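The values are calculated or read from the model by the stated rules, or taken from the named source; none is laboratory data. For clarity, every value in this text was computed on a predicted model and none was experimentally measured. Glycine also receives a Cβ, built like all others from the backbone with ideal geometry; neighbour counts cover every protein chain displayed.
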Amino acid sequence: MLDSFYVAWRYLAFHKARTATLVACVTLLAALPLALQVLLEASERQLRARAEATPLLLGAKGSALDLVMNALYFADAMPAPISMAAQDQVDASALALPIPLYVRFQARGFPIVGTTLDYFDFRGLEIARGRPLAMLGEALVGAEVAARLGLTPGDGLLSSPETVFDLAGVYPLKLRVVGVLAPSRSPDDRAVFVDVKTAWVVEGLVHGHADLGRRADDSVIIEQTEGNTIASAKLAQYTEITEANIASFHFHGDPAGYPLNAVIVVAQDAKSGTLLRGRYLNGESPHQLVLPGAVIDGLLADVFRIKRVLDAVIGVVGLATLLALALVFTLSVRLRQREIHTLFRIGCSRFTIARLLGAEMAIIATASAGLCGAALTAVHASSDELVRRLFFG
Amino acid sequence: MIRIEALEFSYPDASLKLRVKSFQIATGEKLALIGPSGSGKTTLLNLVAGILLPQRGRIQCQDVEVSSLGDRQRRDFRIRSIGFVFQDFQLIEYLHVLDNILHPYRITGALRLTPQVRERARTLAAQMGMGDKLHRPVDRLSHGEQQRVAICRALLPSPALVLADEATGNLDPCNKGLILDLLFASVADQGATLLAVTHDHDLLPRFDRVVDIAEGQSRS
């Protein structure tokens, strides 16, 4: 038997290109549907786990999927904003704990999540190094953010401008990293958490600047009326919040009108949750209160419908590939008729010739299985990252 | 000793009808089989080797009646007792020299590939002047060298009978004599019998006996 494998191996090694092509075809044929399955299982696991851990989500009416993807997975898809008043309304109901979320800006490619300390308790996030948020301008970074950017408590992290061409737009704010979260194998690992007010500072709704009363240059003032002063761009705006300048940071307008993306609603009990949901069923309400689990179930139903179509396509392509492989193999056997005839004349039986061909197929199948296994291991190892890229942008 | 008696063979399409009344080859004899193309020389070799079965008559090789053996027995007989040398060498292109020589041992359970066999293959190759090319791919060898490898492959199992079908047909005149000398010497060393088909009349004087299959005549 070993001799058969040796001879088969020599044949395959002699025809390297043909063998590599065959192995590649068989590997792809086997690995594609399996890798797809691994990815789908990983995505289902990730999506469901997070959604089921989030009881209710309040957001603007519109795409419930965008709302859930943005609030739970910090995806790029941005739902229409709601105001802080919506959160206050939930709070005033005394039926649930509202946790605001404002996910709009990024810092070096990672989403800045504006929230409150309740979020960390709600998600069960622990601080591995440093301390919790305590002051405006501070940031707690997820484990992956810290690892990728090499951040430790005490480091600075600049928020990224939304567009570098918008000179009148949002200026970068230097956030001070005060802590690093322990890994949670969730989107929280890839987020930069700040207090929601800090997120508003990043947006420019809350800002700090040099004291106008101590100005050296009067041309800084464009217009001054009782209770209102309009300054020019000469006025120095603070791009970092420090203990020295924190007192100068102030709100413009009513904070109740400041934007949020969503509010996680942690109902006190099932009844409270049902009561709250009933309030938002009113067609005139500009808000919707969704069950993230149900939204994700809908998404997964679509994904699995697409998977079934893909399975069918892969099945047809696989069948065609198998037929092509069978043709290649048959033609190869026909091309080897002279060799087979020689073996037969020497004294080789048809069974041995079949065994030689079988050994070739077995080697190809083994090599393909090995490569397929390696590919699947790689896909499995990076499935979290792949799923994040596929689903959350 | 090979003995053929009252042999009759024809292909299903009746393209050839071969009749041999009586024919004998003594052990150790070197016999040349000549005749025009299509007269049945290769067919007779195949009948002696048990690849083809006659419709009538007997073929006896050593003490074995080849024509009465079953498929498996004929294969075992062929691999143990007969060495084939072909005109176009019929080496396996994807194996190097040593693997080609050892190939009969790898494709049948009737022969066992032992360290002694490997050593004998090396010795045989060295005797044929191929000792320094054992691991060279056969497609990088000259025709003369390829035929030497083919002879080594035929002789390695120490067959009692060597069948050579136009073994020098693809060689230049210089190589023809050389290869035939090597084949004769090796066959003589092993005490084997040689039955060779040839069209080359210049080589006939080297054989112990020549048989013209078309006329059924033989001359020494």
Tally of residues being charged (D, E, K, R) and under 32 Å from the mean Cα position of the chain (by Cα) across segment A:243-293:
3
Matching residues, segment A:139-151, being touching a helix residue (DSSP H, G or I) at 6+ places or on another chain (Cβ under 7 Å) and either within 8 Å of residue A:177 (Cβ to Cβ) or in a strand (DSSP E or B) (or both)
A:151
So, restricting to strands (runs of 3 or more DSSP E) that lie completely within segment A:176-231, which ones have at least 1 residues that are at pLDDT below 85 and of a type in the set (Asp, Glu)?
A:221-225
Within segment B:55-84, track down each residue that is out of contact with any Asp or Glu (no Cβ under 9 Å at 6 or more places or on another chain), part of a strand (DSSP E or B) and touching a residue at least 12 places away in the same chain (Cβ under 8 Å).
B:61, B:64, B:82, B:83
Filter result (surrounded by fewer than 21 Cβ atoms within 10 Å (Cβ to Cβ) and charged (D, E, K, R)) within segment B:76-98:
B:76, B:80, B:88, B:93
For residues that are closer than 30 Å to residue B:48 by Cβ and out of contact with any Lys or Arg (no Cβ under 8 Å at 6 or more places or on another chain), scanning just segment A:346-378, find the one that is nearest to the other protein chains (Cβ to nearest Cβ).
A:352
Only residues that are of a type in the set (A, V, I, L, M, F, W, C) and either surrounded by fewer than 17 Cβ atoms within 10 Å (Cβ to Cβ) or out of contact with any strand residue (DSSP E or B) (no Cβ under 8 Å at 6 or more places or on another chain) (or both): list them for segment B:40-51, please.
B:51
Assess whether residue A:148 counts as being among the basic types (Lys, Arg), out of contact with any Lys or Arg (no Cβ under 9 Å at 6 or more places or on another chain) and either modelled with pLDDT under 90 or surrounded by 13 or more Cβ atoms within 10 Å (Cβ to Cβ) (or both).
no
In segment A:42-64, is there at least one residue being in contact with a strand residue (DSSP E or B) (Cβ under 8 Å, 6 or more places away or on another chain) and in a helix (DSSP H, G or I)?
yes
If the requirement is being touching a Gly at 6+ places or on another chain (Cβ under 8 Å), in contact (Cβ under 8 Å) with a residue 40 or more places away in the chain and crowded, with 18+ Cβ neighbours inside 10 Å, which of these qualifies: A:22, A:12, A:29, A:40?
A:29
Residue pairs qualifying under the 7 Å Cβ cut-off, at least six apart or on distinct chains, with the first in segment B:97-121 being facing chain A (nearest Cβ under 8 Å) and the second being aromatic (Phe, Trp, Tyr), are B:106/A:6; B:113/B:105
Which of the residues spanning segment A:95-138 are within 20 Å of the chain's Cα centre (by Cα) and more than 21 Å from residue A:55 (Cα to Cα)?
A:104, A:105, A:106, A:107, A:108, A:109, A:110, A:111, A:112
Just one of B:37, B:81, B:67, B:15 is more than 13 Å from chain A (Cβ to nearest Cβ), touching a strand residue (DSSP E or B) at 6+ places or on another chain (Cβ under 8 Å) and of a type in the set (Ser, Thr, Tyr); which is it?
B:67
Residue B:203 vs. criteria part of a helix (DSSP H, G or I), of a type outside the set (S, T, N, Q), touching a residue at least 24 places away in the same chain (Cβ under 8 Å) and within 29 Å of residue B:19 (Cα to Cα):
yes
When the residues of segment A:306-340 are narrowed to those that are within 14 Å of chain B (Cβ to nearest Cβ) and exposed (fewer than 14 other Cβ atoms within 10 Å of the Cβ), which ends up farthest from the chain's Cα centre (by Cα)?
A:338
Say whether the condition of being on the phi < 0 side of the Ramachandran plot and touching a Pro at 6+ places or on another chain (Cβ under 7 Å) is met by at least one residue in segment B:60-72.
yes
I'd like to check something: does segment A:65-76 contain any residue that is outside the structural domain of residue A:306 (by TED's automatic domain parsing), outside any helix (DSSP H, G or I), within 25 Å of residue A:142 (Cα to Cα) and touching a Ser or Thr at 6+ places or on another chain (Cβ under 9 Å)?
no
Please work out which one of (1) touching a residue at least 12 places away in the same chain (Cβ under 8 Å); (2) assigned by TED's automatic domain parsing to the domain that holds residue A:36 is the condition residue A:286 fails and give its number.
(2)
